[in-house]
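Quick notes on the structure that follows.
The values are calculated or read from the model by the stated rules, or taken from the named source; none is laboratory data. These numbers were taken from a predicted model, which means no experiment stands behind them. Cβ coordinates were reconstructed from backbone atoms using ideal geometry, including for glycine residues, and neighbour counts include every protein chain displayed.
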Amino acid sequence: MTTSTLADRLRQPEYTGENRCTPCTIVNVVIAAALSLLLGVAWPPLALVSFALFAGAIYFRGYLIPGTPTLTKTYFPDRVLRWFDKEPTPAHVGAAASAPAAGDDVDAESPSEEVETGQLDGDGASAAAFDVEAALMDAGALELDESGDELRLAPAFESAWNDEIARTDEDVARRWLARMTGVDEADVTLESRARSRWVVAMANGTTLGTWESDGALVADVAADATLDGRLDDWDRLTAEQRSALARGVRIYLDRCPTCGGDVRFGSETAESCCRSWEVLAVRCEDCEARLLEVDAESLEPEAA
Ligand SMILES: [Zn+2]
């Protein structure tokens, strides 16, 4: 047996590569180091040899101790797991071309703050930067209902948005992503990764944005096209702000962009490798597509 086939036999793709879980890997490296130190007490060279073996196991198999995800879930504080968790933040469009050096971290963190405020139920703490709700009312996308307390889609906007949704397919979405981020349309790919719950738009190895489903992306592309021309300062909006507006409109989606089915709103438990948390999700009743997801915790300040 050659080395490569041995490596292939040992490798567990479901726990390595893009599926590797950072908290689990850290826990395992710490355990490996502690075990190696113990063995080193018996015979010092053993510490090095065992650590090399353990590290190899973690590299190829994703973990050393079976059941680490459960272990990690149980004993790691959720705050720590959230920090490392690779669950993408939903539906932002990163400006890949304008900020290449800043890298993924900046893209993943700061726009998500914007998107968070973009949710109409946000606490408004950082809404001073960009008031999504006010902008959507300015644009005539949202209006107050008869009671004067609740916002709803303005009928004219809603029908224009639905027309756009009907026109929007994957090609339109890829063209839109290319325009928004300044990359070549031919480089844009849309993938639903095997174990990921998200549709990820990529170009040249950079994440352009993530959406709950193809339907969620279609809704946003169509909302952006419908909002174009309805705001005076449209041309000055950043990709993140336009993305936040589209997501703000998506909260009011009442039909599935993919199959036309009715949608329902409810709480669910989302899971990643070693963590589970409560989310509020909008789903299609017919095809079960996840059309919007909001981390329940992000809404708590207002709910409490
Ligand atoms: Zn559907």
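The table below lists the values:
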| item | result |
| --- | --- |
| Filter result (part of a strand (DSSP E or B), under 17 Å from the mean Cα position of the chain (by Cα) and in contact (Cβ under 8 Å) with a residue 12 or more places away in the chain) within region 170-191 | Thr189, Leu190 |
| Residue in region 192-208 that is in contact (Cβ under 8 Å) with a residue 12 or more places away in the chain, out of contact with any Pro (no Cβ under 6 Å at 6 or more places or on another chain) and either within 21 Å of Asp163 (Cβ to Cβ) or assigned to a helix (DSSP H, G or I) (or both) present | no |
| Residue match in region 110-129 (condition: closer than 19 Å to Leu237 by Cα and modelled with pLDDT of 70 or more) | yes |
| Residue pairs meeting the criteria (Cβ under 7 Å; at least 6 apart or on separate chains; first more than 18 Å from Gly229 (Cβ to Cβ), in region 145-169; second among the hydroxyl-bearing types (Ser, Thr, Tyr) and surrounded by 13 or more Cβ atoms within 10 Å (Cβ to Cβ)) | Arg152/Tyr252 |
| Residue count, region 251-271 (criterion: more than 16 Å from the ligand (Cβ to nearest atom) and either assigned to a helix (DSSP H, G or I) or of a type in the set (S, T, N, Q) (or both)) | 2 |
| In region 272-301, the residues that are loosely packed, with under 13 Cβ neighbours inside 10 Å, more than 16 Å from the ligand (Cβ to nearest atom) and either closer than 17 Å to Arg250 by Cβ or without any contact (Cβ under 8 Å) to a residue 12 or more places away in the chain (or both) | Glu300 |
| Residue match in region 254-269 (condition: touching a Ser or Thr at 6+ places or on another chain (Cβ under 7 Å), buried (at least 16 other Cβ atoms within 10 Å of the Cβ), outside the structural domain of Gly62 (by the TED database) and under 30 Å from Arg82 (Cα atoms)) | no |
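Residue by residue, here is whether (1) surrounded by 15 or more Cβ atoms within 10 Å (Cβ to Cβ); (2) under 28 Å from Ser272 (Cβ atoms); (3) away from the ligand (no atom under 16 Å from the Cβ) holds:
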position: Gly182; (1), (2), (3): no, no, yes
position: Leu190; (1), (2), (3): yes, yes, yes
position: Trp198; (1), (2), (3): yes, yes, yes
position: Ala203; (1), (2), (3): yes, yes, yes
position: Thr210; (1), (2), (3): yes, yes, yes
position: Asp224; (1), (2), (3): yes, no, yes
position: Arg230; (1), (2), (3): yes, no, yes
